[in-house]
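Worksheet: the structure to be examined is printed underneath.
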Amino acid sequence: MTITQTMRWALVVLSLSAWAAAQDNSREQPATTPAPAFGQNAPILNPENPPISGLDAPSLELRTASRSFIAPALQLSQSADTNAGGQFGGSDVEGITRFLGALDLQRFWSKSDFLAEYLGGGAFYSRDSSVRQIQALGLEAITRWRTGQATLRDAFSYLPEGAFSLGFGDPGLGLATGTMGTGEGLPGFHGSSNGSVGLIPRLANSAALDIVQSVSPRSAFTFAGGFSNAHYYDNTLDLINSDQTTIQGGYSHLLNRRDQIAGVYGFQLFRFPQGTGGQLQNHIFNLRWGHTISGKMSLIAGAGPQYTIIQFPSAPDTKHWSVNGHVQLRYRFARTSLVLAYEKYTASGSGFFAGSDTQRARFGVKRELGRTMNLLADLGYSHNKSLQPFSGAGVAGNRYDEGFVGAILRKHFGRQYDVFAAYHFSEIGFDNADPVCGFFGAGACSNISQRHAGTVGVEWHPTPIRIE
C-alpha cells in the first residue's frame, strides 16, 4: 500500500472515530475548552499557547461560550476586472457577477466538536456570457481525552479561475476556504500555492490530521499527516497537476508561561504526471522557538536543513541540501490586529513548474473603524525558483515572482446585513526568454501579467438556528 493510500485511510478512520465519540457524548456544554490534564492545569494543552510543533496557532481571540447551531448566509457581488483571463501583456476589462450561498454547522459535545461548511454558487462573466460554478466544502472534527487531542481538517474547492481566491470577504466561518484553525506545521505543509492562472478551472483538496499527546504539564509529542492535490481543467496552458503527501513528528517543551522550544522532523513527497517531471522527496528538520503573551502577541520562529531528492523516470537522482524556515508575528491591539510572516519552503510549483523553491512574505492587518465597520488589508510577495528543467508542460523558465495587495471595507447594518467594497491587485512575471502570448492566445506577448479587480457586494446573515 502506498504512502498516499495509507494517509487517506488514516484520515477516514479518524473522522469516523470523531463522529462515534461525539455520539457517545450527547450532553452539550457551553464552552469548548479542552478538559484539563494532570490535575487542574495543563499548560501545554492550553489553546492560548498550544505546542508549536503541531498545526494549531496560539489564539489571540477571547474564548466565549459556544453553542450548537446551523447558520445560512447569502452574498451577491459585482466586480470590474481588468484581466480576468490572466493574459500576459494585455488586458480586457469585463464585469463579473458572483452569487454565493453558505451553510455552516457547529455541534459541540463534552469531549468532541464538529464544524462543517459548504459554499456554493456561480460566477457570470460578461465577456463571453459564460457561467462558471463555485464549490467549496470544509470540515473540522476534534476529539479530546485527558492528556491530548486529535483534529481532522479538510478543505475542498472547485473554482472557476485559478486567480480567484475564496476566503477574502466570503460568507461563512472560513472552514471551506482553509483559513480556520491552522498554524505552523512544516513550511508549506498544506501545499500552499501561488500563481494567477486565469480562467482555468482548478480542483483542489487539502486534508490534515493533527495529534497532540502530552507527557507532562510542560511537554508534548505531536504527529501530523496531510495530503493535498491540485488538478486543472480546460488546461490550455498545459499546467502541471500535482499531489503532495506530508508526514511530520515533533516534540514541544514549555520553558515558562510565555516561551516554548520544539524540534520537528518531516517528510514530504511531491508527485507529478509522467512526462512533466520527476518525483520530489524532502527530508526536513526544523528547530523552533515561540513566545506568546496571552491574548496579545504570538511570535514563532523556526529554521533548519532540508535534504531534497529529485527522482527522474530514466535518469540518475539529483540530490541537494538547502534551508527551510518560517517566522510569524501576530499582534493584537485594542482595535487592530496584524500578522507579519516570512516562509521558505518547497512547493508544488502552482502548475507552472514541477516543484519550486519558494520564498514568501505577507503582511495583513485588520482594523475596527467603530462598532459597525472594519477594514482588512493584505500585502504579499513570493519568489519561486523551478527545481526541474522545462519538460514541455507548464511554463518555460527558471523562476517567477508574484506580488499582490488587497483591501476590503465592511459595514454592518443591524445583525443580518453587511455591505462591502474590495480592491485587489496582482502581478506575476517570469524570467523565460520566450514571451507568453496570453492564456487563450490573445493579447500582446509578454512575460508579465497584471490584474486589477474592484468589487462591491451585499451579504445576508439570518439568525442562526439553534440545535438543542
Starting at the first residue of the range 307-322, write each ³J(HN,Hα) from the Karplus equation 6.51 cos²θ - 1.76 cosθ + 1.60 with θ = phi - 60°, in whole Hz, x for Gly and Pro.
-> 10, 10, 10, 9, 9, 8, x, 9, 8, x, 5, 10, 10, 7, 9, 8
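Provide the FRET efficiency to the nearest 0.05 for the Ile448-Leu203 pair, computing r from the beta carbons and using R0 = 25 Å.
0.35
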Distance in nm between label sites at Phe69 and Phe413, each 7 Å beyond Cα in the beta-carbon direction?
-> 2.1
Percentage relative contact order, the range 312-468, counting C-alpha pairs under 8 Å, at least six apart | 14
Provide, as a two-decimal number, the C-alpha radius of gyration of the range 92-160 over 2.2 N^0.38 Å, N being how many residues it has.
-> 1.63
Amide proton proximity set for Ile134, modelled H, under 5 Å, gap of 5+ = Gly121, Gly122, Ala123
Those chymotrypsin sites (Phe, Trp or Tyr not before Pro) in the range 300-358 that DSSP places in a loop and that have at most 13 other beta carbons within 10 Å = Phe333
How large is ³J(HN,Hα), in whole Hz, for each residue of the range 342-357 in order, when computed from phi with the Karplus curve 6.51 cos²θ - 1.76 cosθ + 1.60 and θ = phi - 60°, using x for Gly and Pro?
-> 9, 9, 10, 7, 9, 10, 6, x, 6, x, 7, 10, 8, x, 8, 8
Packing-based order for 371-381, 44-54, using average beta carbon neighbours within 10 Å, highest first | 44-54, 371-381
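Once fully extended, how much extra length lies between Leu287 and Val365, figured as 0.36 nm per residue of separation less the alpha-carbon to alpha-carbon distance?
Gain on stretching Leu287 to Val365: 25.3 nm.
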For the range 283-419, restrict the atom set to alpha-carbon positions and state the Rg and Dmax in Å.
-> 20.1, 65
Between Asp238 and Ala334, how many nm apart are label points set 7 Å from Cα along the C-beta direction?
-> 6.0
Length added when fully stretched, Arg257-Phe99, from 0.36 nm per residue minus Cα-Cα | 52.2 nm
Cα convex hull of the range 266-336: how many Å³ per residue?
-> 112
Note the full-extension length gain between Arg218 and Ala377 as 0.36 nm times their separation in residues minus their Cα-Cα distance, in nm to one decimal.
-> 53.6 nm
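Each reported figure results from applying straightforward, stated rules to the coordinates on display, with no laboratory input. Predicted model only: the values in this text are computed from it and were never measured. Methodologically, a virtual Cβ is constructed for each residue, glycine included, from the backbone with ideal geometry; neighbour enumeration extends over all protein chains shown.
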